[in-house]
Amino acid sequence: MAIPEILPLLMIGAFFVLLLGGIPVAICLAVTGFVFGYIGFGPMLFNLVPARMFGVVTNYTLLALPLFIFMGIMLEKSKIAEQLLDVIGLAMGGLRGGMALAIILVGVLMGAASGVVGATVVTMGLIALGPFLNRGYNRAIASGVICASGTLGQIIPPSLVLILLADIMGESVGTLFAAALIPGLLLSGLFVLFILALGIFKPAMVPAFPPEERAQYSGGDIARMLLKVVVPPLALIFLVLGSIIGGVAAPTEAASMGAFGAIVLAALYGRLTWPVLKDTVRSAFVTSAMVFFILVMSQPFGLAFRGLGGERLVQDAFAMVPGGITGQLLFLMLILFVLGFFLEWIEISYIALPLFLPIFHAAGVDMAWVAILVAVNLQTSFLTPPFGWALFFLKGVAPPDLKTSDIYKGVIPFIGLQLVGLALVFLFPGLATWLPNAIGW
Amino acid sequence: MRVLERLADGASCAVRIIGGLAAWSGLALVLLVAFNVLARYFLSYSSVGLQELEWHLMAVAALFGMSYGLNQGGEVRVDIFYARYGARTKAVIDLIGNGALTLVAVYVVWLSIAYVQSSYAIAEGSPDPGGLPLRYVLKAAIPAGFALLALQGLAMTLRAGCEAVDPARHRT
Amino acid sequence: QDSFSWKMTNAYGPGSPFYVEGPGSPTDFCKKVEAMSGGRLKIQHFAAGELIPAMEGFDAVRSGTVEMNAANAYFWAGKIPAAQYFTTVPFGLNFQGMNAWLYHGGGQALWDELYEPLGLKALPMGNTGVQMTGWFRNPIASVDDFKDLKMRIPGLAGKVYAQLGVDVKLLPGGEIFPALERGVIDAAEFVGPYQDRRLGLQNAAKFYYTTGWHEPSNATELLINKAAWDSLPADLQAIVSAAAMACNLESHTWCEAVNASAMVDLVENFGVKADVLPKDVVAKLKEVTDQVLSDGAAADPVTKKVHDAFFAFKKEHDQWASISEKPYHNLLG
Ligand code: NA
Ligand code: NA
């Protein structure tokens, strides 16, 4: 009896040892999945691995991933992104952290256009990481703000997480989209406050542009440059968003408007040369493949965790929780947070939520509120080391000298802010429930 | 050791050529999805087959991209300790990781053959009228993609092996 | 006495009422079987995504890796075109007719004949009853209103609509609401009042056309690996069959009850306008359907055999219904 109970724990332990030892993430996932699965239930269930992998690579909603990555790389290779952030930094004048504030705004806008976490983090990493480092931003803070802003897409509708939660929790997708809007903006606001505070208390971490550089340009110059380089890429993001709001494209397809628009934009700037196109195509392919490689290779791990009855561990722990809805809700939050250290959010949702939902249902708790708490929590799980998807995705597009430890250090304050946001939604349920009621969704 | 290195070079060269061609599927995907959106909106034209082609392209790109991504140095690892290792330790870690990757890739090729066969045996197509036929060809991209991955893994294993024996040999 | 520990996968995600949870659902089936067999046949249920993705159950059962799968047979139309008829076809049989055909009109024997060579066995295990035409942002007054209408509608019905000028858009369940709400699509079909309200479709479109000409009923398929089935002793086989039949009845009656109250709620509290399609529109849909179905039958001899048997049965059943159910419904006003 004790042996099978302990296998999923051993599997997680082995995964961490290999991961920290420096074996690439994708290989750690596949190897521990296959080895511990084999010990636990033999080779039979592995016949399901191809089906799971096929499910990943043909998943329609993941289409946003290669499309947004293409957009990000086109903007990067054609130097449009670099100019954009430079000019924004200039325009912010003496305000410290100006570029970081700009990237939070981009995160909110991209988040409103997409719901696939890899897509937004990778795109923003491509656009912003280089300029941040060139301009002397602290490496950790630069990584942290990109990862955190990139995950905003998960809470700001539309979002894959919310769509899945609607399904599991029996709420309408529209209700959850409406309920998530204010908490999403609240989190963005917390990020903004944090950057402003850094600018005051740790100015060296988020430097403003040097005064001598600013002095080279008059206000009119800057206004003209803004018009020339900021407006078109922003228009691109609004094109994606607008194509959803204007009823031209469904959320997933809208990403293609961004990618296609980026090609057109590069052409208009006269930068769509053959080498740029070739380079863009090649790196977009490599970057998307890196994300899919991890997703595909995580399939044996997820299968083994299930096959070994990993969900029973969670059940057993749950059985020991003292009664009371608040206690159970807090415990759910804790479980989600802990599982977020080593499991992918879809697996987490499937393992933890079905256990708790009947109890909350029976107690008459507002499920839209619970769903938003869960969504904020899952969003945090994208950031929690060592297994935060956002962290890997950023690492995948970062220059080699950006260390994992920089990224880990950088996300810690943002995880703290996420927890503050979570606590606020917990204490003031109206943050989630007011909007859907007000608009009758 | 020369022979092993030449073998590794040959394998990764094959991966590079195939991947370099497959990379253009990404551009094709962008143009295809944009076409489907714009044609529906402006011309009221829509095709079930072209909509299915979207994720067909994505699947092929993802599966053929894995080996190419590794070939181009796209792997993601936690380097907290790795960054501090000496050349030989790094080579040993790479040898273990890449060796395991090669075995995993070969195993997935083997697992997926039956999966493709059962689709081929009934000439599986799309369940949607107007959808794309030959679903088994798409499914065959799994063993094909993993075979390439095994090839790339083998090349990387051989190279790491050579380095583990002789760390002075510089990394390419 | 031997005891068995089986796995069942499902094409629908965790928590879905009717398809996964609730009276007569697949999880309910597993509970019933365990109770009826005194624990000798335990079936562990996995919703879509837990063990395998939604549409992979067919292969998983065929390979024997899992013993059972819950889905709709028409999901396998790309593998076995005739499988369509064991869920529903446009202008096909209603709940009573479908079950009369399957249980007493030779339907089950044809199903067995179709699946046996693939090492499979299937039983009906649930039914939504009649579904709804769908949600439209604007009213449909004539066939011309289908011209350039963008609609989320999968399957055979999509092909029928396409021939009347509809632009067919394929969308996963979760994207139906945002797409319909923003007008990316003008119309969408999903299930029926209870399930549709759950997606919030009433907040995206107000014209709810009723009666599912395209899905007059919709059977849930219990797919079983034939070798596993043959390994069960006769009493456990009888228990599985009886539990499936019980779920078939229980799930349908549950749908009837919850759809009735959901429909009242939609009309009274959400301002939904429920209406039937104009007669000439329905006549045109029927005409195109007949063509589409006979084209399909002409392309594949096995489909033709099933098609002919299905419609031969239907012809007789229609005559009976027209002097039994139909006059009664007319009495209801
Ligand atoms: Na979003
Ligand atoms: Na339906």
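The values are calculated or read from the model by the stated rules, or taken from the named source; none is laboratory data. Bear in mind that the values here come from a model prediction, so they are computed numbers and not experimental data. Counting neighbours? That spans all protein chains shown, and the Cβs are built from the backbone with ideal geometry, glycine included. Heads up: the accessible areas ignore ligands, DNA and RNA and are worked out on the full protein's heavy atoms, side chains in. Shrake-Rupley method; radii C 1.70, N 1.55, O 1.52, S 1.80 Å.
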*Considering the range B:120-164 alone, what residues qualify as being within 14 Å of chain C (Cβ to nearest Cβ) and either of a type in the set (D, E, K, R) or in contact with a strand residue (DSSP E or B) (Cβ under 8 Å, 6 or more places away or on another chain) (or both)?*
B:Glu124, B:Asp128, B:Gly130, B:Arg135, B:Lys139
*From C:Ala179, C:Ala162, C:Ala100, grab the single residue that is within 16 Å of ligand 1 (Cβ to nearest atom), small (Gly, Ala, Ser) and either at pLDDT 90 or above or over 30 Å from C:Ile224 (Cα atoms) (or both).*
C:Ala179
*Can you pull out the residues in the range A:275-302 that are over 23 Å from the mean Cα position of the chain (by Cα) and facing another protein chain (nearest Cβ under 7 Å)?*
A:Val281, A:Arg282
*How many residues does the range A:376-397 hold that are within 14 Å of another protein chain (Cβ to nearest Cβ), open to solvent by less than 10 Å² (accessible area, probe 1.4 Å) and either out of contact with any helix residue (DSSP H, G or I) (no Cβ under 8 Å at 6 or more places or on another chain) or aliphatic (A, V, I, L, M) (or both)?*
3
_If I filter the range B:72-111 down to residues being more than 7 Å from every other protein chain (Cβ to nearest Cβ) and in contact with a Leu (Cβ under 7 Å, 6 or more places away or on another chain), which single residue comes out as surrounded by the fewest Cβ atoms within 10 Å (Cβ to Cβ)?_
B:Thr102
*Only residues that are facing another protein chain (nearest Cβ under 7 Å), surrounded by fewer than 22 Cβ atoms within 10 Å (Cβ to Cβ) and in a helix (DSSP H, G or I): list them for the range B:38-53, please.*
B:Tyr41, B:Val48
*Looking at (1) open to solvent by 40 Å² or more (accessible area, probe 1.4 Å); (2) free of Cβ contacts under 8 Å to residues at least 12 places away in the same chain; (3) not aliphatic (A, V, I, L, M), find the lone condition where A:Gly189 falls short.*
(1)
*Just need a number here: residues in the range C:227-261 that are surrounded by 19 or more Cβ atoms within 10 Å (Cβ to Cβ) and either basic (Lys, Arg) or over 16 Å from C:Asn127 (Cα atoms) (or both).*
4
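Could you pull out the residue among B:Ala61, B:Ala114 that is more than 29 Å from A:Thr404 (Cβ to Cβ) and facing chain A (nearest Cβ under 8 Å)? Even if it seems obvious, please write down each step before you answer.
Working: B:Ala61 fails: more than 29 Å from A:Thr404 (Cβ to Cβ).
Step by step, each of B:Ala61, B:Ala114 is checked, and only B:Ala114 is more than 29 Å from A:Thr404 (Cβ to Cβ) and facing chain A (nearest Cβ under 8 Å).
Could you grab me the full set of residues in the range A:264-309 that are surrounded by fewer than 20 Cβ atoms within 10 Å (Cβ to Cβ) and in a helix (DSSP H, G or I)? Give the derivation first.
Residues of the range A:264-309 surrounded by fewer than 20 Cβ atoms within 10 Å (Cβ to Cβ): A:264, A:267-279, A:282, A:309.
Correct list: A:Val264, A:Ala267, A:Leu268, A:Trp274, A:Pro275, A:Val276, A:Leu277, A:Lys278, A:Asp279, A:Arg282.
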*Looking at this structure, is C:Val130 under 16 Å from the mean Cα position of the chain (by Cα) and away from chain B (no Cβ under 14 Å)?*
yes
_Exactly one condition in (1) within 18 Å of C:Leu223 (Cα to Cα); (2) within 23 Å of the chain's Cα centre (by Cα); (3) within 14 Å of chain A (Cβ to nearest Cβ); (4) in contact (Cβ under 8 Å) with a residue 60 or more places away in the chain is false for C:Gly24; which is it?_
(3)
*modelled with pLDDT of 85 or more, assigned to a helix (DSSP H, G or I) and more than 7 Å from chain A (Cβ to nearest Cβ): does that describe B:Ser67?*
yes
_Which numbered condition A:Phe293 misses (of (1) in contact with a helix residue (DSSP H, G or I) (Cβ under 6 Å, 6 or more places away or on another chain); (2) within 16 Å of ligand 1 (Cβ to nearest atom))_ = (2)
*Identify all residues within the range C:188-208 that are under 23 Å from C:Ala162 (Cβ atoms) and more than 13 Å from ligand 2 (Cβ to nearest atom); write none if there are none.*
C:Ala204, C:Ala205, C:Phe207, C:Tyr208
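If I ask for residues that are under 23 Å from B:Gln117 (Cα atoms), in contact with a helix residue (DSSP H, G or I) (Cβ under 8 Å, 6 or more places away or on another chain) and not in a helix (DSSP H, G or I), which ones from the range A:2-61 would you list?
Filtering the range A:2-61 down to residues under 23 Å from B:Gln117 (Cα atoms) leaves A:34, A:42-59.
Now restrict to residues that are in contact with a helix residue (DSSP H, G or I) (Cβ under 8 Å, 6 or more places away or on another chain): A:34, A:45-59.
Passing the criteria: A:Thr58, A:Asn59.
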*State all residues of the range C:211-231 that are within 16 Å of ligand 2 (Cβ to nearest atom) and more than 14 Å from every other protein chain (Cβ to nearest Cβ); if no residue qualifies, say none.*
C:Thr211, C:Gly212, C:Trp213, C:Glu215, C:Pro216, C:Ser217, C:Asn218, C:Ala219, C:Thr220
*Counting just the residues of the range A:25-44 that are open to solvent by 10 Å² or more (accessible area, probe 1.4 Å) and touching a Gly at 6+ places or on another chain (Cβ under 8 Å), which one comes out nearest to the other protein chains (Cβ to nearest Cβ)?*
A:Phe41
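Rundown of residues vs (1) more than 28 Å from C:Val160 (Cα to Cα); (2) in contact with a Pro (Cβ under 9 Å, 6 or more places away or on another chain); (3) among the β-branched types (Val, Ile, Thr), yes/no style:
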site: C:Ala187; (1), (2), (3): no, no, no
site: C:Tyr194; (1), (2), (3): no, yes, no
site: C:Thr220; (1), (2), (3): no, yes, yes
site: C:Ser231; (1), (2), (3): yes, no, no
site: C:Asp235; (1), (2), (3): yes, no, no
_Against the definition (in a helix (DSSP H, G or I), at the interface with another protein chain (Cβ under 7 Å from one of its Cβ atoms), under 27 Å from C:Ile176 (Cα atoms) and open to solvent by less than 10 Å² (accessible area, probe 1.4 Å)), how does A:Ala259 come out, yes or no?_
yes
*asked:* Any residue that is open to solvent by 30 Å² or more (accessible area, probe 1.4 Å), under 20 Å from A:Val281 (Cβ atoms) and modelled with pLDDT of 90 or more - is there at least one of those in the range B:12-19?
replied: no
*Which one is farthest from the chain's Cα centre (by Cα), of the residues in the range A:45-72 that are facing another protein chain (nearest Cβ under 7 Å) and among the aromatic types (Phe, Trp, Tyr)?*
A:Phe46
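Could you go through the range A:45-52 and let me know if any residue there is free of Cβ contacts under 8 Å to residues at least 40 places away in the same chain and open to solvent by 10 Å² or more (accessible area, probe 1.4 Å). Break it down stepwise before answering.
Within the range A:45-52, the subset free of Cβ contacts under 8 Å to residues at least 40 places away in the same chain is A:47, A:50-51.
Those left that are additionally open to solvent by 10 Å² or more (accessible area, probe 1.4 Å): A:47.
Yes, because at least one residue in the range A:45-52 is free of Cβ contacts under 8 Å to residues at least 40 places away in the same chain and open to solvent by 10 Å² or more (accessible area, probe 1.4 Å).
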*Would it be correct to say that A:Phe414 is open to solvent by less than 10 Å² (accessible area, probe 1.4 Å) and assigned to a helix (DSSP H, G or I)?*
yes
_Among (1) away from chain C (no Cβ under 14 Å); (2) buried (at least 22 other Cβ atoms within 10 Å of the Cβ), there is one condition A:Gly21 misses while meeting the rest; what is its number?_
(2)
_Against the condition in a helix (DSSP H, G or I), of a type outside the set (Lys, Arg), within 14 Å of chain B (Cβ to nearest Cβ) and in contact (Cβ under 8 Å) with a residue 40 or more places away in the chain, how does C:Gln84 come out, does it pass?_
yes
*When the residues of the range C:46-81 are filtered to those that are open to solvent by 10 Å² or more (accessible area, probe 1.4 Å) and more than 18 Å from the chain's Cα centre (by Cα), which remaining residue is nearest to A:Val161 (Cα to Cα)?*
C:Gly49
